[in-house]
Amino acid sequence: MTLDMRVTRQLPATPEEVFDAYTDAEKQKIWFSILDEEPGIVEIEVDLRVGGRQTAVWGPSPDALFRETQTFVEIDRPHRLVTDSTGSGPDGTTMTTRIEITFEPHDGGTLMTVVQSGFPAPEIRDFFTGEVWTGALDRIEAFLTAKSDA
Amino acid sequence: MVNHMVQQAALDRVFSSLADPVRREVLIRLGEGPATVGQLAEPAGMSLTGMKKHLRVLEEAGLIVTEKVGRARECRLAPAPLDDAMNWISFYQRLWARRLDGLDVYFTLRKGNGDHDA
């Protein structure tokens, strides 16, 4: 079982302009932190080709940085962009998901839709067989055996 | 060392709570979604009082959480494993809000400047 996330936004520019601003490293640096009151750390690199990577590193200080690396899977300028995204937080945990973005002409501007899929939601079966529970069943069995002996 | 002993004590509680078939059935049932004490007691052929005793054991082991909803008590699996996924989703929601807000302001400002120049 996995969970999906979906967001949409109407933007006042053509799909070509939005696609360009979204994927251009220099433009990204401008809009990514345009709303920040205090300048934090923002590093952006883009290699816009299938198999290429886009990396964004940002955060308030060097010891609280988030990093997102997207690998381009499909580039259909200026309509669609598919990437595999690996996010990692300051605590060292990572999560890999698929991001599909579409840029559709709408109402004189562009409707940008982001669908991020594949957030793992463990089922009860995984709950018992996942990392935390490795060996748990053996230990329960040992416990039960010990208990019945007593 | 103390941590280790605390962990052991927590594990012991988990294992002893899982040692009962009724409690294992409850966990599997809650894997499908939350349920009230009554909904859990009925298929097990138990009284509410009997089921509540089992639920207290599971709750003390940290395997389930219970919450009073109206006149019933609702039980669900402890959220620990789901928390990870939800944390990441809320992280990405903030990231995308930041990106889309940024793009919106970027184009709005540019359009404003463009109109001004023209």
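The values are calculated or read from the model by the stated rules, or taken from the named source; none is laboratory data. All of these numbers come straight from a predicted model, not from anything done at the bench. FYI the Cβ positions are ideal-geometry reconstructions off the backbone, even for glycines, and counts take in every protein chain you see.
Structure notes:
- Within the range A:91-106, considering residues that are part of a strand (DSSP E or B) and among the polar types (S, T, N, Q), the one farthest from the other protein chains (Cβ to nearest Cβ): A:T102
- Among the residues of the range A:26-48, those identified as more than 7 Å from every other protein chain (Cβ to nearest Cβ) and within 18 Å of A:F103 (Cβ to Cβ) are A:K27, A:Q28, A:V46, A:L48.
- Matching residues, the range A:55-82, being over 14 Å from the mean Cα position of the chain (by Cα) and of a type in the set (S, T, Y): A:S61
- Residue in the range B:61-84 that is under 25 Å from A:V57 (Cβ atoms), crowded, with 16+ Cβ neighbours inside 10 Å and modelled with pLDDT under 90 present: yes
- For A:S61, the conditions (1) among the hydroxyl-bearing types (S, T, Y); (2) touching a residue at least 40 places away in the same chain (Cβ under 8 Å); (3) surrounded by fewer than 16 Cβ atoms within 10 Å (Cβ to Cβ) all hold with the exception of (2).
Let's see how each residue does on (1) modelled with pLDDT under 85; (2) under 17 Å from B:L103 (Cα atoms):
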{"residue": "A:L35", "(1), (2)": "yes, yes"}
{"residue": "A:E38", "(1), (2)": "yes, no"}
{"residue": "A:F72", "(1), (2)": "no, no"}
{"residue": "A:I75", "(1), (2)": "no, no"}
{"residue": "A:P90", "(1), (2)": "yes, no"}
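- Filtered residue count, the range B:25-82, keeping only those that are in a helix (DSSP H, G or I), small (G, A, S) and closer than 30 Å to A:G118 by Cβ: 1
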